[in-house]
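**Student:** Please find one structure pasted underneath; my questions will follow.
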Amino acid sequence: MGIVDEGRKSRESRVREGLSGSWGTSSQDFVYLAGLLYGHSAEYAKRLDGNCSAYTLAGIPILFSALRCLLIELNADIYLTGRANPGVLAELAKSSNDVKVILKHYSIPTELRDSLKLLVQVRHEILHPAHRPSGDAGNTPAYLEPLRRAQLLQSTGGDSDYIWLDQLKSHRLFSWGFRTVKQTVAILVEAHQLPPFKAAGLIASYSDYETPDAT
């Protein structure tokens with residue numbers, strides 16, 4: 001078995017099984033990093049046109065790392081609420097799309113479901129770039145046209161637009177991603193019945209998009 005297969009096997013077993021050793025709430029490390037990137041993004045965008053920011057290309061994947069960590073922490077019951085769910089952990093261990101697991105096991109309102117589905121596709125577009133032309137109007141892949149209509153992309157607004165990955169360099173897109181993840185986190189912590197002070201602290205850590213520089 002090669003190192004790629006060994007790595008996948010190791011990661012799956014760590015999520016699925018209660019092995020010996022120590023661990024902690026690493027979700028907070030990732031959301032802290034996302035917050036730092038967001039601050040730099042706001043400053044960078046302000047110096048340019050108020051929206052253009054390459055920091056979004058790093059920030060959105062990091063938000064999903066924070067969300068995945070929190071899902072693992074909640075379902076392994078690191079917060080000692082008595083609401084562990086080994087079944088969810090088993091699905092997370094195998095799944096390449098955490099959003100599918102969230103939508104299956106948690107009560108997510110329709111609008112937020114749609115936002116999560118779009119946001120995870122943005123994450124895929126960043127981590128697995130397919131940056132040749134799509135043949136679609138404005139260089140925006142047709143299945144992500146809702147982002148264009150919502151004016152979340154870095155766009156000229158015309159049919160002749162920036163190349164696709166440049167359209168993702170959008171501080172508005174980063175703000176929307178933060179808001180979407182924060183709303184999801186609020187539902188997750190409520191579902192796992194965290195004590196109010198713990199729940200409030202976790203949700204507050206996803207509030208950087210609410211700064212005055214948010215767009």
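**Student:** With the structure loaded, tell me whether residue 153 is touching a helix residue (DSSP H, G or I) at 6+ places or on another chain (Cβ under 6 Å) and outside any helix (DSSP H, G or I) or whether it fails that test.
**Tutor:** yes
**Student:** Does residue 41 satisfy the criteria of being touching a Ser or Thr at 6+ places or on another chain (Cβ under 8 Å), farther than 30 Å from residue 5 by Cβ, part of a helix (DSSP H, G or I) and among the hydroxyl-bearing types (Ser, Thr, Tyr)?
**Tutor:** When the stated conditions are applied, residue 41 passes them.
**Student:** Something else now. Taking the range 87-110, which residues are in a helix (DSSP H, G or I), in contact (Cβ under 8 Å) with a residue 12 or more places away in the chain and either surrounded by 13 or more Cβ atoms within 10 Å (Cβ to Cβ) or touching a His at 6+ places or on another chain (Cβ under 6 Å) (or both)?
**Tutor:** Scanning the range 87-110 gives 88, 89, 90, 91, 92, 93, 98, 99, 101, 102, 103, 105.
**Student:** How many of the residues in the range 111-162 are surrounded by fewer than 18 Cβ atoms within 10 Å (Cβ to Cβ), among the polar types (S, T, N, Q) and under 16 Å from residue 60 (Cα atoms)?
**Tutor:** 1
**Student:** So which pairs qualify, if the first residue must be in the range 35-64 and on the phi > 0 side of the Ramachandran plot, the second must be of a type outside the set (A, V, I, L, M, F, W, C), the Cβ gap must be under 7 Å, and the two must be at least 6 apart or on different chains?
**Tutor:** 50/215
**Student:** Pick from 96, 65: which is modelled with pLDDT of 95 or more, of a type in the set (S, T, N, Q) and over 15 Å from residue 173 (Cα atoms)?
**Tutor:** 65
**Student:** Here is a check on your reading of the model: is residue 78 in contact with a Gly (Cβ under 9 Å, 6 or more places away or on another chain), under 26 Å from residue 10 (Cα atoms) and not in a helix (DSSP H, G or I)?
**Tutor:** Answer is yes for this residue.
**Student:** If residue 11 satisfies all but one of (1) loosely packed, with under 14 Cβ neighbours inside 10 Å; (2) in a loop (DSSP other than H, G, I, E, B), what's the number of the condition it fails?
**Tutor:** Of everything listed in (1) loosely packed, with under 14 Cβ neighbours inside 10 Å; (2) in a loop (DSSP other than H, G, I, E, B), residue 11 misses just condition (2).
**Student:** Sort out which residues of the range 126-160 are of a type in the set (Asp, Glu) and on the phi > 0 side of the Ramachandran plot, and write them in order of number.
**Tutor:** none
The values are calculated or read from the model by the stated rules, or taken from the named source; none is laboratory data. Just so it is clear, the model here is predicted, and its values are computed rather than measured. Please note: Cβ atoms are built from the backbone with ideal geometry, for glycine as well, and neighbour counts cover all protein chains shown.
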